[in-house]
Every structure is written in C-alpha cells, then in structure tokens.
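Enquirer: Dropping a structure here in structure tokens format, bear with me for questions.
Read-outs throughout are calculated quantities, based only on the coordinates presented, and are distinct from any laboratory measurement. Treat the numbers as computed from the prediction; the structure is a model and nothing was measured. We place every Cβ from the backbone using ideal geometry, glycine too, and count neighbours over all the protein chains shown.
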Amino acid sequence: MGLQGREIIDAIRISDGTAVMIKKVPYRPGSREVKIATILSSPENLKDRRNHCIPILDSFHDTIDDPRLVFLVMPKLHSSNDPHPKSVGDVVEFMRQTLEGLEFMHGRDIAHRDISLASIMVDSDTRKQSLQHSISEKTNTNHVRYFISNFESCQDLNTLPTFKSVAAVPERGQYPPELSGDNDVPFSGDVFALGTLFKKNFITPYSNFDTLIPLIKQMTARDPKKRPSMAVARSRFEMLVRNWNGSTLRWRLRPTHEKIGPRFVRTCAAIVREVLHLPSRVATSASLLMKQQSLRFLTKVHYAFRPYQIATF
C-alpha cells in the first residue's frame, strides 16, 4: 500500500474522488488513539459545530502483512501554519477554534495531553477559500476551519478511577510544571499547553494582542488550581475580542521588535489596503441599508392592507 516506513500518506477515495489521508496506527486491544478518535467521530459528536477534532471517515485492519496495524482514513489536512497567519483576524480565529475544540473535548471528559502547533491542522478546502478571500481582500477574517489531531496521548477520564496523570505530556516541550509533582488537576495541563502555544507563537512575537496578556497569564499560571477551565478561558477570550471591528481584524501582524524602516513601509501598505477596501464596505453598507428600508416599507404595507388580505368573499 506504500505505507511501509511512513505514518501518513495521501490518497484518493475511489468512490467519489475525495482527497484523504491514511494514518498507520499500531493496534492493541483498547488502543487509546483508535478508541478516542472513534468516540469523537460518532454521528452525534460530528453534528456539534464545536467539535474541531479530525473526523475518522473509515478504518480498516492490515489483514495481509501485519494484523497489529490499523489504518485510519481522515480528510486531507495541512499544517495549521501553512500559510502563516497574516492578519489579526487570522490569529483570533485560530485561537477561537482551538479553545472551542478543546472545550468540546473536555466536555466529553477527554484530555488531549499533547496539544501543540503540530497537533492542529487546517482543512484543505477552507484553506483554499481563505487564500482566495485574502487575495480579494473582501473579508475581515479567514474562512479556515482548524482541526485537532494526534490522539495517541489522550486520556478518557471516564476510564480512570481517579484524576491522576492527566497533565500534558512533555513530548513537544509545552508541559506544565506540575508534571514534576503530585498536583495534577483535570484538564489543567491542556489549558497550560494551549496558553503556552498562544504565548509562544502570537502573544510574544507580535504586539497586536496586549489585550489578551492577562488571560494568557492565567492560562499559564504555575499553580494548576489558579488556571481557568477551558470553557472559562474561551468565554473570557470572547469578551476580550468582541469589540474588535473589521479594520482591527484585517490589520497586519506587527512584530514586537520590528525596526522603524520596515514598520513604516508595512504600515503604509496596510493603510493602502484598508483604503482600497473602503469602497466595497461602503457599497455593502448601502446595500444593507436599502434592504432594511425595503423590509420596513413592506412590513408597513402588509399591516396596512392586512384586513383586506384576510377578508372572505
């Protein structure tokens, strides 16, 4: 099958030509990755818009070479850093969806335990749409849908007699300090890991997100009991960004240590893009106003002539 020595390959589903990828997973009775991936891909869970876990389209065992292997068929995805976020809105949407996705997992009593940039992927179709919209400069934020993957370190807390050992594992360097002690709190490791991911990739490198610094500090607190739950973190995040308008979301990412020369040139370019975007926004606003006025007029007409409409002859 071409999978020898490779964990994941791209493939085409013959029935409908859909691009997919196939992941090779060692299978054992009660295999954690297969079990949790299957749970998160149940029909009921797939209906939930908050579910950002990569769906399992199909699975099958290797009945020819090695029955200890199982192959998971998933949608074709790309690295979440391809392309790299270019605007404030890109980053806000990344944060929103990852917070929402982990909140969903925690609501099902599942801790990811290895959340990192490598565990977050982007759907290839929405990625193409985002690139097209970025070129036309007609949107405030991207249209990308992010997915959480890599469930081999996940823990279903329903299978544990206690809440021990559910902190993030240190495979990708984003592990919380409580790993060295006995202070594990359910799900707090995921909160720490996601906060660290935000801090490392967006908060520290760019100066656009100072408003979010207090939340990130809470998420990465050394004491796990002082960290918010993922649901609370998402709620606070939404409150902090709810008043960011379209211009703010479209604005370029400003490197923290950007020199004056490049800053001037890039800021001028951003202003030009915003000015060029103004006519389309004015046209959209005018169109919306006309629709609202027409609706009010039709409503008045409807109520004015209502007695005649319901009369019988």
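Enquirer: At what distance in nm do the modelled label points of ASP210 and ARG96 sit from each other, each positioned 7 Å from its Cα along Cα→Cβ?
Expert: 2.4 nm
Enquirer: Let me ask you something else. At LYS76 and LYS259, where each label point lies 7 Å from the Cα along Cα→Cβ, what is the point-to-point distance in nanometres?
Expert: 4.1 nm
Enquirer: Going through the cross-link list LYS23/LYS199; LYS76/LYS200; LYS35/LYS199; LYS86/LYS199; LYS47/LYS225; LYS217/LYS259, which pairs have a Cα-Cα distance over 23 Å in this structure?
Expert: The pairs that break the limit, which is 23 Å between Cα atoms, are LYS23/LYS199; LYS76/LYS200; LYS35/LYS199; LYS47/LYS225; LYS217/LYS259.
Enquirer: Then there's this: Over region 8-75, what relative contact order in percent results from Cα pairs under 8 Å that are six or more residues apart?
Expert: 34 percent
Enquirer: Suppose the chain between GLU7 and HIS84 were pulled fully straight at 0.36 nm per residue; how much longer would it get relative to their current alpha carbon spacing?
Expert: Working: separation 77, 0.36 × 77 = 27.72 nm, distance 2.46 nm.
So the chain would gain 25.3 nm between GLU7 and HIS84.
Enquirer: Something else now. Once you list every other residue whose beta carbon is under 11 Å from the beta carbon of LYS217, what net charge do they have if Lys and Arg are +1 and Asp and Glu are -1?
Expert: Taking every other residue near LYS217 into account, the sum is +4.
Enquirer: With the calculation restricted to Cα positions, what are the radius of gyration and Dmax of region 8-75 in angstrom?
Expert: When restricted to the Cα atoms of region 8-75, Rg and Dmax are 12.7, 38 Å.
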